[in-house]
Amino acid sequence: MKVLILAGGSGTRLWPASREAYPKQFLKLGGKKSLLQQTLERLLNIASPKDILLLTNEQYEFHVLSEVNEISIDLADNILLEPARRNTAPAIALGMKYYIERLRISPEEVLFVCPSDHIIKPVEKFVEYVKLAEKVARQGYIVTFGIKPLCPETGYGYIKITGKDLGGYYLVERFTEKPDLETAKRFLSEGNYFWNSGMFVFTIETMVEELRLYASEIYQLFNQPLDDMIANFQKMPDISIDYAVMEKSKKVVAIPMDIYWSDIGSWNSLYDALDKDEKSNVVFGNVLAKDIEGCLVIGNKRLIATVDLKDLIIVETDDAILIAKRGSAQKVKQVVEELKRKRRIEVFEHRTVYRPWGECTILEERPGYKIKRIVVKPGASIDLQIHPHWSKHWIVVKGTAKVTIGNKIMHIHENESVYVPKSTPHRLENPDKIPLEIVEVQNSEYAGEDME
(Lines give C-alpha, C1' and ligand atoms only; values in the text may rest on other atoms or scores of the structure.)
Protein backbone atom coordinates (compact mmCIF):
# COMPACT_ATOMS: atom_id res chain seq x y z
CA MET A 1 0.00 0.00 0.00
CA LYS A 2 1.16 3.52 -0.86
CA VAL A 3 0.45 6.63 1.20
CA LEU A 4 -0.24 10.19 0.06
CA ILE A 5 -0.05 12.84 2.79
CA LEU A 6 -1.74 16.17 2.00
CA ALA A 7 0.45 18.79 3.70
CA GLY A 8 -0.33 21.96 1.74
CA GLY A 9 -3.25 23.37 3.74
CA SER A 10 -3.07 26.95 4.97
CA GLY A 11 -5.87 27.00 7.54
CA THR A 12 -5.91 29.71 10.19
CA ARG A 13 -8.59 28.31 12.51
CA LEU A 14 -5.92 28.07 15.24
CA TRP A 15 -4.98 31.73 14.91
CA PRO A 16 -2.90 33.35 16.34
CA ALA A 17 -0.69 30.24 16.61
CA SER A 18 -1.31 29.24 12.98
CA ARG A 19 -0.81 31.71 10.14
CA GLU A 20 -1.00 31.43 6.37
CA ALA A 21 2.78 31.15 6.22
CA TYR A 22 2.90 28.73 9.17
CA PRO A 23 -0.26 26.58 9.29
CA LYS A 24 -1.29 24.13 11.98
CA GLN A 25 0.45 21.03 10.57
CA PHE A 26 3.74 22.59 11.71
CA LEU A 27 2.54 23.51 15.21
CA LYS A 28 3.78 21.65 18.26
CA LEU A 29 0.61 21.66 20.34
CA GLY A 30 1.29 20.40 23.82
CA GLY A 31 4.21 18.22 22.75
CA LYS A 32 7.68 18.14 21.24
CA LYS A 33 6.58 17.03 17.78
CA SER A 34 4.40 18.81 15.26
CA LEU A 35 1.13 17.41 13.95
CA LEU A 36 2.89 16.58 10.67
CA GLN A 37 5.63 14.69 12.49
CA GLN A 38 3.05 12.79 14.53
CA THR A 39 1.29 11.89 11.27
CA LEU A 40 4.54 10.60 9.75
CA GLU A 41 5.33 8.46 12.78
CA ARG A 42 1.80 7.04 12.74
CA LEU A 43 1.98 6.16 9.03
CA LEU A 44 5.39 4.52 9.32
CA ASN A 45 3.46 1.73 11.09
CA ILE A 46 1.58 1.20 7.81
CA ALA A 47 4.11 1.82 5.04
CA SER A 48 7.88 2.07 4.58
CA PRO A 49 9.44 5.52 3.92
CA LYS A 50 9.83 4.79 0.20
CA ASP A 51 6.05 4.23 -0.07
CA ILE A 52 5.07 7.56 1.53
CA LEU A 53 4.66 10.68 -0.63
CA LEU A 54 4.11 14.15 0.86
CA LEU A 55 2.27 16.72 -1.23
CA THR A 56 2.72 20.37 -0.29
CA ASN A 57 3.34 23.72 -2.00
CA GLU A 58 6.48 25.76 -2.62
CA GLN A 59 5.81 28.07 0.32
CA TYR A 60 6.05 25.17 2.78
CA GLU A 61 8.76 23.10 1.08
CA PHE A 62 11.54 23.89 3.56
CA HIS A 63 9.15 23.53 6.51
CA VAL A 64 8.19 20.04 5.35
CA LEU A 65 11.80 19.10 4.59
CA SER A 66 12.95 20.19 8.04
CA GLU A 67 10.12 18.27 9.74
CA VAL A 68 10.71 15.15 7.66
CA ASN A 69 14.46 15.05 8.32
CA GLU A 70 13.80 14.87 12.07
CA ILE A 71 11.68 11.74 11.55
CA SER A 72 13.42 9.86 8.72
CA ILE A 73 15.96 11.11 6.19
CA ASP A 74 14.63 8.43 3.82
CA LEU A 75 11.49 10.57 3.39
CA ALA A 76 13.38 13.66 2.17
CA ASP A 77 13.19 12.65 -1.53
CA ASN A 78 9.45 11.96 -1.34
CA ILE A 79 8.17 15.54 -1.38
CA LEU A 80 6.01 16.68 -4.31
CA LEU A 81 5.22 20.38 -4.77
CA GLU A 82 1.82 21.55 -5.96
CA PRO A 83 2.19 24.16 -8.73
CA ALA A 84 -0.86 26.00 -7.32
CA ARG A 85 -3.43 25.52 -4.54
CA ARG A 86 -6.45 23.74 -5.98
CA ASN A 87 -8.04 21.80 -3.09
CA THR A 88 -7.97 18.07 -2.43
CA ALA A 89 -9.38 16.60 -5.67
CA PRO A 90 -6.67 18.06 -7.95
CA ALA A 91 -4.05 17.34 -5.27
CA ILE A 92 -4.98 13.66 -5.14
CA ALA A 93 -4.99 13.46 -8.95
CA LEU A 94 -1.50 14.96 -9.04
CA GLY A 95 -0.26 12.51 -6.41
CA MET A 96 -1.67 9.54 -8.34
CA LYS A 97 -0.09 10.75 -11.58
CA TYR A 98 3.28 11.12 -9.87
CA TYR A 99 3.05 7.61 -8.44
CA ILE A 100 2.22 6.13 -11.86
CA GLU A 101 4.63 8.07 -14.09
CA ARG A 102 7.62 8.86 -11.89
CA LEU A 103 7.57 6.04 -9.35
CA ARG A 104 6.26 3.43 -11.83
CA ILE A 105 3.48 2.23 -9.54
CA SER A 106 0.78 -0.02 -11.01
CA PRO A 107 -2.71 1.55 -11.21
CA GLU A 108 -3.90 -1.56 -9.35
CA GLU A 109 -1.98 -0.46 -6.26
CA VAL A 110 -3.89 0.70 -3.19
CA LEU A 111 -3.41 4.30 -2.10
CA PHE A 112 -4.15 5.67 1.37
CA VAL A 113 -4.80 9.44 1.34
CA CYS A 114 -4.76 11.38 4.59
CA PRO A 115 -4.30 14.92 5.92
CA SER A 116 -1.16 15.91 7.82
CA ASP A 117 -2.73 17.63 10.82
CA HIS A 118 -4.97 15.17 12.70
CA ILE A 119 -4.66 13.57 16.12
CA ILE A 120 -5.47 9.84 16.15
CA LYS A 121 -5.02 7.33 18.97
CA PRO A 122 -4.38 4.57 19.77
CA VAL A 123 -2.11 4.01 16.78
CA GLU A 124 -2.29 0.20 16.97
CA LYS A 125 -6.06 0.17 16.51
CA PHE A 126 -5.85 2.76 13.72
CA VAL A 127 -3.41 0.53 11.84
CA GLU A 128 -5.87 -2.37 12.05
CA TYR A 129 -8.62 -0.23 10.49
CA VAL A 130 -6.34 0.86 7.64
CA LYS A 131 -5.34 -2.74 6.89
CA LEU A 132 -9.02 -3.67 6.71
CA ALA A 133 -9.60 -0.72 4.36
CA GLU A 134 -6.80 -1.97 2.10
CA LYS A 135 -8.57 -5.33 1.69
CA VAL A 136 -11.91 -3.64 1.00
CA ALA A 137 -10.35 -1.23 -1.53
CA ARG A 138 -8.97 -4.17 -3.54
CA GLN A 139 -12.61 -5.16 -4.16
CA GLY A 140 -13.10 -1.94 -6.14
CA TYR A 141 -14.49 0.28 -3.38
CA ILE A 142 -13.47 3.75 -2.26
CA VAL A 143 -13.18 3.46 1.50
CA THR A 144 -13.68 6.35 3.89
CA PHE A 145 -13.48 6.30 7.68
CA GLY A 146 -16.35 7.42 9.88
CA ILE A 147 -15.93 8.64 13.45
CA LYS A 148 -18.79 8.12 15.90
CA PRO A 149 -19.92 11.65 16.82
CA LEU A 150 -19.50 12.62 20.46
CA CYS A 151 -21.55 15.81 20.16
CA PRO A 152 -23.58 17.73 17.52
CA GLU A 153 -20.46 19.27 16.00
CA THR A 154 -21.17 21.78 13.20
CA GLY A 155 -17.53 22.09 12.10
CA TYR A 156 -17.33 18.56 10.62
CA GLY A 157 -18.85 16.88 7.60
CA TYR A 158 -21.07 13.83 8.18
CA ILE A 159 -21.43 10.42 6.51
CA LYS A 160 -24.71 8.49 6.55
CA ILE A 161 -24.28 4.72 6.30
CA THR A 162 -26.97 2.33 5.19
CA GLY A 163 -27.61 -1.40 4.96
CA LYS A 164 -26.09 -4.30 6.86
CA ASP A 165 -22.57 -4.85 8.09
CA LEU A 166 -20.54 -6.13 5.11
CA GLY A 167 -17.60 -7.20 7.25
CA GLY A 168 -16.64 -4.11 9.21
CA TYR A 169 -17.71 -1.72 6.46
CA TYR A 170 -21.02 -0.27 5.20
CA LEU A 171 -22.39 1.35 2.07
CA VAL A 172 -22.48 5.15 2.22
CA GLU A 173 -25.85 6.70 1.44
CA ARG A 174 -24.77 10.34 1.46
CA PHE A 175 -22.33 13.01 2.63
CA THR A 176 -23.44 16.20 4.41
CA GLU A 177 -21.01 19.07 4.72
CA LYS A 178 -20.98 20.99 8.04
CA PRO A 179 -24.68 21.02 9.02
CA ASP A 180 -26.36 23.60 11.24
CA LEU A 181 -26.83 22.79 14.93
CA GLU A 182 -30.38 21.43 14.66
CA THR A 183 -29.42 19.14 11.79
CA ALA A 184 -26.34 17.94 13.67
CA LYS A 185 -28.51 17.11 16.70
CA ARG A 186 -30.86 15.10 14.48
CA PHE A 187 -27.91 13.20 12.98
CA LEU A 188 -26.71 12.36 16.47
CA SER A 189 -30.10 11.01 17.51
CA GLU A 190 -30.56 8.86 14.39
CA GLY A 191 -27.37 6.95 15.09
CA ASN A 192 -26.32 6.04 11.54
CA TYR A 193 -24.36 9.25 10.93
CA PHE A 194 -20.61 9.56 11.45
CA TRP A 195 -18.11 12.38 11.25
CA ASN A 196 -16.20 12.40 7.97
CA SER A 197 -12.53 11.90 8.88
CA GLY A 198 -11.20 13.08 5.51
CA MET A 199 -9.12 9.92 5.01
CA PHE A 200 -9.63 7.63 2.00
CA VAL A 201 -8.34 4.30 0.70
CA PHE A 202 -8.75 3.13 -2.92
CA THR A 203 -6.92 1.59 -5.83
CA ILE A 204 -5.58 4.19 -8.20
CA GLU A 205 -7.49 2.70 -11.13
CA THR A 206 -10.78 2.92 -9.20
CA MET A 207 -10.30 6.61 -8.42
CA VAL A 208 -9.22 7.38 -11.99
CA GLU A 209 -12.43 5.81 -13.29
CA GLU A 210 -14.54 7.85 -10.85
CA LEU A 211 -12.74 11.03 -11.96
CA ARG A 212 -13.65 10.10 -15.55
CA LEU A 213 -17.30 9.74 -14.59
CA TYR A 214 -17.75 12.70 -12.25
CA ALA A 215 -14.83 15.15 -12.64
CA SER A 216 -14.06 15.42 -16.34
CA GLU A 217 -11.91 18.56 -16.09
CA ILE A 218 -9.57 16.86 -13.65
CA TYR A 219 -9.63 13.62 -15.61
CA GLN A 220 -8.64 15.35 -18.87
CA LEU A 221 -5.62 17.01 -17.26
CA PHE A 222 -4.76 13.75 -15.48
CA ASN A 223 -4.46 12.03 -18.87
CA GLN A 224 -1.70 14.42 -19.93
CA PRO A 225 1.97 13.62 -19.24
CA LEU A 226 3.00 14.63 -15.72
CA ASP A 227 5.04 17.64 -16.86
CA ASP A 228 2.06 18.95 -18.86
CA MET A 229 -0.29 18.28 -15.96
CA ILE A 230 1.99 20.34 -13.71
CA ALA A 231 2.26 23.14 -16.29
CA ASN A 232 -1.55 23.32 -16.58
CA PHE A 233 -2.33 22.63 -12.94
CA GLN A 234 -3.69 26.12 -12.32
CA LYS A 235 -6.49 25.28 -14.77
CA MET A 236 -7.75 22.62 -12.36
CA PRO A 237 -11.07 23.38 -10.64
CA ASP A 238 -10.77 24.39 -7.00
CA ILE A 239 -12.82 21.52 -5.58
CA SER A 240 -12.57 19.00 -2.75
CA ILE A 241 -12.54 15.26 -3.35
CA ASP A 242 -15.82 15.06 -1.39
CA TYR A 243 -17.66 17.34 -3.81
CA ALA A 244 -15.88 16.07 -6.94
CA VAL A 245 -16.25 12.32 -6.37
CA MET A 246 -17.42 11.07 -2.98
CA GLU A 247 -20.89 12.62 -3.02
CA LYS A 248 -21.55 11.20 -6.52
CA SER A 249 -19.81 7.84 -6.62
CA LYS A 250 -21.71 4.57 -6.18
CA LYS A 251 -18.57 2.82 -4.93
CA VAL A 252 -18.07 4.58 -1.59
CA VAL A 253 -18.15 2.58 1.65
CA ALA A 254 -17.34 3.59 5.21
CA ILE A 255 -15.51 1.87 8.03
CA PRO A 256 -16.71 3.20 11.41
CA MET A 257 -13.66 3.68 13.66
CA ASP A 258 -13.96 3.30 17.42
CA ILE A 259 -10.88 5.38 18.27
CA TYR A 260 -10.05 8.93 19.27
CA TRP A 261 -9.84 11.26 16.26
CA SER A 262 -9.71 15.04 15.90
CA ASP A 263 -8.79 17.31 13.02
CA ILE A 264 -7.94 20.05 15.58
CA GLY A 265 -10.17 22.39 13.63
CA SER A 266 -10.53 24.88 16.46
CA TRP A 267 -9.20 25.75 19.91
CA ASN A 268 -12.20 23.88 21.31
CA SER A 269 -10.98 20.73 19.54
CA LEU A 270 -7.49 21.17 20.92
CA TYR A 271 -8.85 21.62 24.43
CA ASP A 272 -10.83 18.38 24.06
CA ALA A 273 -7.76 16.51 22.76
CA LEU A 274 -5.29 17.42 25.51
CA ASP A 275 -4.92 16.09 29.05
CA LYS A 276 -6.42 18.29 31.74
CA ASP A 277 -5.68 19.01 35.39
CA GLU A 278 -8.06 18.40 38.32
CA LYS A 279 -9.99 21.57 37.46
CA SER A 280 -10.33 20.72 33.76
CA ASN A 281 -7.66 23.21 32.68
CA VAL A 282 -5.11 22.84 29.89
CA VAL A 283 -2.19 25.13 30.71
CA PHE A 284 1.29 25.23 29.25
CA GLY A 285 3.92 27.85 28.52
CA ASN A 286 4.82 30.88 30.63
CA VAL A 287 1.61 30.92 32.71
CA LEU A 288 0.76 31.65 36.36
CA ALA A 289 -2.81 30.43 36.91
CA LYS A 290 -4.82 31.22 40.04
CA ASP A 291 -8.33 29.84 40.64
CA ILE A 292 -9.25 29.04 37.04
CA GLU A 293 -11.53 26.28 35.78
CA GLY A 294 -12.21 24.79 32.35
CA CYS A 295 -9.66 27.04 30.63
CA LEU A 296 -7.16 26.59 27.83
CA VAL A 297 -4.18 28.91 28.42
CA ILE A 298 -1.16 28.82 26.10
CA GLY A 299 1.72 31.11 26.97
CA ASN A 300 4.72 31.96 24.85
CA LYS A 301 7.46 34.42 25.85
CA ARG A 302 5.52 36.83 28.02
CA LEU A 303 4.12 35.85 31.38
CA ILE A 304 0.36 35.29 31.44
CA ALA A 305 -1.20 35.64 34.92
CA THR A 306 -4.83 34.58 35.30
CA VAL A 307 -7.17 35.01 38.28
CA ASP A 308 -10.75 33.72 38.81
CA LEU A 309 -11.49 32.69 35.22
CA LYS A 310 -13.82 30.01 33.87
CA ASP A 311 -14.26 28.44 30.42
CA LEU A 312 -11.90 30.78 28.56
CA ILE A 313 -9.36 30.31 25.78
CA ILE A 314 -6.23 32.46 26.03
CA VAL A 315 -3.45 32.11 23.46
CA GLU A 316 -0.42 34.39 23.39
CA THR A 317 2.15 34.82 20.61
CA ASP A 318 4.87 37.41 19.99
CA ASP A 319 2.50 39.82 18.26
CA ALA A 320 -1.08 38.83 19.15
CA ILE A 321 -3.27 37.57 22.00
CA LEU A 322 -6.55 35.70 21.56
CA ILE A 323 -9.11 35.73 24.38
CA ALA A 324 -12.34 33.85 23.70
CA LYS A 325 -15.10 32.04 25.50
CA ARG A 326 -14.59 28.31 25.27
CA GLY A 327 -17.28 27.00 22.94
CA SER A 328 -17.10 30.07 20.69
CA ALA A 329 -13.76 29.24 19.08
CA GLN A 330 -15.36 28.63 15.65
CA LYS A 331 -15.83 32.42 15.53
CA VAL A 332 -12.04 32.85 15.32
CA LYS A 333 -12.58 32.45 11.58
CA GLN A 334 -14.50 35.75 11.60
CA VAL A 335 -11.57 37.47 13.31
CA VAL A 336 -9.19 36.08 10.69
CA GLU A 337 -11.41 37.24 7.83
CA GLU A 338 -11.53 40.78 9.22
CA LEU A 339 -7.76 40.83 9.69
CA LYS A 340 -7.38 39.73 6.06
CA ARG A 341 -9.66 42.54 4.89
CA LYS A 342 -7.50 44.99 6.80
CA ARG A 343 -4.37 43.31 5.39
CA ARG A 344 -2.90 42.91 8.86
CA ILE A 345 0.43 41.10 8.79
CA GLU A 346 -0.57 39.18 11.95
CA VAL A 347 -2.80 36.87 9.91
CA PHE A 348 -0.11 36.05 7.33
CA GLU A 349 3.16 35.71 9.25
CA HIS A 350 4.57 35.43 12.73
CA ARG A 351 7.25 37.77 14.01
CA THR A 352 9.50 34.79 13.29
CA VAL A 353 9.56 33.67 9.67
CA TYR A 354 11.26 30.55 8.39
CA ARG A 355 13.47 30.37 5.32
CA PRO A 356 15.43 27.55 3.65
CA TRP A 357 18.61 28.90 5.29
CA GLY A 358 17.16 29.33 8.80
CA GLU A 359 14.87 31.80 10.54
CA CYS A 360 14.45 35.51 11.15
CA THR A 361 12.66 37.23 14.06
CA ILE A 362 11.73 40.92 14.14
CA LEU A 363 12.66 42.18 17.60
CA GLU A 364 11.82 45.86 17.16
CA GLU A 365 10.55 48.03 14.32
CA ARG A 366 10.17 51.81 14.13
CA PRO A 367 10.24 54.36 11.31
CA GLY A 368 13.80 54.42 10.02
CA TYR A 369 15.10 51.26 11.69
CA LYS A 370 14.44 47.58 12.28
CA ILE A 371 16.17 45.09 14.62
CA LYS A 372 16.19 41.39 13.82
CA ARG A 373 17.49 38.13 15.28
CA ILE A 374 18.79 35.93 12.45
CA VAL A 375 19.70 32.24 12.77
CA VAL A 376 21.53 30.59 9.86
CA LYS A 377 21.72 26.81 9.70
CA PRO A 378 25.15 25.09 9.56
CA GLY A 379 26.51 25.24 6.02
CA ALA A 380 23.69 27.51 4.82
CA SER A 381 23.90 31.01 3.36
CA ILE A 382 21.67 33.97 2.53
CA ASP A 383 21.77 34.93 -1.16
CA LEU A 384 23.90 37.84 -2.30
CA GLN A 385 21.77 41.00 -2.09
CA ILE A 386 22.00 44.76 -2.40
CA HIS A 387 19.80 47.52 -0.93
CA PRO A 388 20.07 51.11 -2.21
CA HIS A 389 18.42 52.97 0.68
CA TRP A 390 19.53 51.34 3.91
CA SER A 391 22.55 49.95 5.74
CA LYS A 392 23.09 47.13 8.25
CA HIS A 393 25.08 46.31 11.34
CA TRP A 394 25.65 42.60 11.99
CA ILE A 395 26.60 41.55 15.54
CA VAL A 396 27.54 37.89 16.00
CA VAL A 397 26.23 36.46 19.28
CA LYS A 398 26.84 32.77 18.56
CA GLY A 399 28.98 30.93 16.03
CA THR A 400 31.12 32.30 13.22
CA ALA A 401 29.88 34.27 10.20
CA LYS A 402 31.49 34.31 6.79
CA VAL A 403 30.64 37.75 5.44
CA THR A 404 30.97 39.09 1.90
CA ILE A 405 30.80 42.88 1.55
CA GLY A 406 31.59 44.11 -1.96
CA ASN A 407 34.83 42.38 -2.96
CA LYS A 408 35.90 41.73 0.63
CA ILE A 409 35.40 38.38 2.42
CA MET A 410 35.93 38.11 6.19
CA HIS A 411 35.09 35.90 9.17
CA ILE A 412 33.28 37.51 12.11
CA HIS A 413 33.32 35.71 15.45
CA GLU A 414 31.24 35.95 18.64
CA ASN A 415 31.13 39.46 20.17
CA GLU A 416 32.38 40.98 16.91
CA SER A 417 30.42 43.10 14.44
CA VAL A 418 30.59 44.37 10.89
CA TYR A 419 29.00 47.27 9.02
CA VAL A 420 27.30 46.87 5.62
CA PRO A 421 26.96 50.22 3.78
CA LYS A 422 23.91 50.86 1.65
CA SER A 423 24.14 50.07 -2.08
CA THR A 424 26.84 47.46 -1.36
CA PRO A 425 26.48 43.80 -2.42
CA HIS A 426 26.61 41.54 0.64
CA ARG A 427 26.15 37.93 1.69
CA LEU A 428 25.95 36.11 5.05
CA GLU A 429 27.11 32.49 5.36
CA ASN A 430 27.54 29.97 8.17
CA PRO A 431 30.68 27.87 7.56
CA ASP A 432 30.46 26.24 10.99
CA LYS A 433 28.81 23.05 12.29
CA ILE A 434 26.62 24.90 14.80
CA PRO A 435 23.84 27.43 14.08
CA LEU A 436 25.00 31.01 13.49
CA GLU A 437 23.06 33.59 15.49
CA ILE A 438 23.36 37.30 14.80
CA VAL A 439 21.54 40.52 15.65
CA GLU A 440 20.94 42.73 12.63
CA VAL A 441 20.23 46.45 12.91
CA GLN A 442 18.87 48.03 9.72
CA ASN A 443 18.87 51.79 9.24
CA SER A 444 17.07 53.77 6.54
CA GLU A 445 16.57 57.47 5.92
CA TYR A 446 13.06 56.72 4.66
CA ALA A 447 10.35 56.32 7.30
CA GLY A 448 8.21 53.28 6.58
CA GLU A 449 10.79 51.82 4.20
CA ASP A 450 10.12 48.18 3.33
CA MET A 451 13.16 46.52 4.79
CA GLU A 452 12.39 42.84 4.24
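The values are calculated or read from the model by the stated rules, or taken from the named source; none is laboratory data. As the structure is a computational prediction, the values presented were derived from the model and not from experiment. Every residue, glycine as well, gets a Cβ built from its backbone with ideal geometry; the counts of neighbours run over all protein chains shown. Accessible surface areas use protein heavy atoms only, side chains included; no ligands, DNA or RNA. Shrake-Rupley method; radii C 1.70, N 1.55, O 1.52, S 1.80 Å.
Less than 5 angstrom separates the built amide H of residue 158 from those of 176, 177, 178, 196, all sequence-distant by 5 or more or on a different chain. Length gained on full extension, residue 176 to residue 410, computed as 0.36 nm times the residue gap minus the Cα-Cα distance: 77.9 nm.
Sorted on the mean count of surrounding Cβ atoms within 10 Å across their residues, most packed first, peptides 55-62, 225-232 read 55-62, 225-232.
Using a probe of 1.4 angstrom and keeping all protein chains present, the accessible surface of segment 41-137 works out to 42 square angstrom per residue.
Using only C-alpha atoms and all pairs of different ones, pull out the Kirkwood radius for segment 349-392 in Å with one decimal.
Hydrodynamic radius (Kirkwood, Cα pairs) of segment 349-392 is 12.0 Å.
Sequence-ordered 3J(HN,Hα) estimates for segment 255-263 from the Karplus curve with 6.51, -1.76 and 1.60 and θ = phi - 60° stand at 10, x, 10, 9, 9, 7, 9, 8, 8 Hz, glycine and proline given as x.
In the chain, the longest principal axis of the Cα atoms and the axis of helix 88-101 are about 90 degrees apart.
If you take all C-alpha pairs in segment 144-246, what percent of them are over 22 Å apart? Don't skip to the answer; put the middle values down first.
Numbers: 2266 of 5253 pairs.
The calculated P(r) of segment 144-246 puts 43 percent of pairs beyond 22 Å.
With only the Cα atoms considered, segment 229-356 has a convex hull volume of 208 Å³ per residue. Applying both filters, DSSP loop and at most 16 other Cβ atoms within 10 Å, to the chymotrypsin sites (Phe, Trp or Tyr not before Pro) of segment 335-410 gives 348. Surface composition of the chain: carbon and sulfur make up 48 percent of the accessible area, probe 1.4 Å. Across the alpha-carbon set of segment 115-187, the Rg to Rh ratio works out to 0.99, Rh being the Kirkwood radius.
When Lys and Arg each count +1 and Asp and Glu each count -1, what net charge do the other residues less than 13 Å away from residue 310, Cβ to Cβ, add up to? Don't skip to the end; give the middle numbers.
Working: positive: 279, 290, 325, 326; negative: 291, 293, 308, 311.
Net charge in that neighbourhood comes out at 0.
Quick one: compute the contact order of segment 293-395, relative version, from alpha carbon pairs under 8 angstrom and 6+ residues apart, as a percent. Rounded, it is 14 percent for segment 293-395.
Near the amide H of residue 390, within less than 5 Å, lie the amide hydrogens of 423, all on another chain or at least 5 residues away, with H placed in the peptide plane. Each principal axis of the Cα atoms in the chain has its own extent, and those three values, largest first, are 75, 61, 39 angstrom.
What number does segment 320-452 give for Rg over Rh if you use C-alpha atoms and the Kirkwood radius?
1.08
Amide H contacts under 5 Å for residue 260: 121, restricted to partners 5 or more places along the chain or on a different chain, H placed in the peptide plane at 1.01 Å from N.
Evaluated at 37 °C with a viscosity of 0.692 mPa s, what Stokes-Einstein diffusion coefficient in µm²/s does segment 1-159 have when Rh comes from the Kirkwood expression over alpha-carbon pairs? Each step should come with its number before you reach the end.
On the way: Rh = 16.6 Å.
Calculated translational D: 198 µm²/s.
Heavy-atom accessible surface of segment 261-376, averaged per residue, reaches 54 Å², computed with a 1.4 Å probe. The alpha carbon centroids of segment 259-320 and segment 94-145 are separated by 35 Å.
Shown in residue order for segment 81-87 are the 3J(HN,Hα) couplings computed by the Karplus curve 6.51 cos²θ - 1.76 cosθ + 1.60 at θ = phi - 60°: 9, 5, x, 7, 7, 9, 6 Hz (x for Gly and Pro). The orientation-averaged projected area of the convex hull spanned by the Cα atoms of segment 267-325 comes to 3.6 nm².
Any idea what the dipole of the chain comes to, in debye rounded to 20, about its Cα centre with Lys/Arg Cβ at +1 and Asp/Glu Cβ at -1? Each step should come with its number before you reach the end.
Numbers: 60 positive and 64 negative charges, 63 e Å.
Its charge dipole is roughly 300 debye.
Could you tell me how many degrees, from 0 to 90 and to the nearest 10, lie between the Cα long axis of helix 204-214 and the main elongation axis, the longest principal axis, of the Cα atoms of the chain? The angle comes out at about 80 degrees. Phi angles of segment 196-202 translate, via the Karplus equation with coefficients 6.51, -1.76, 1.60 and θ = phi - 60°, into HN-Hα couplings of 7, 6, x, 10, 9, 10, 6 Hz per residue; Gly and Pro are given as x.
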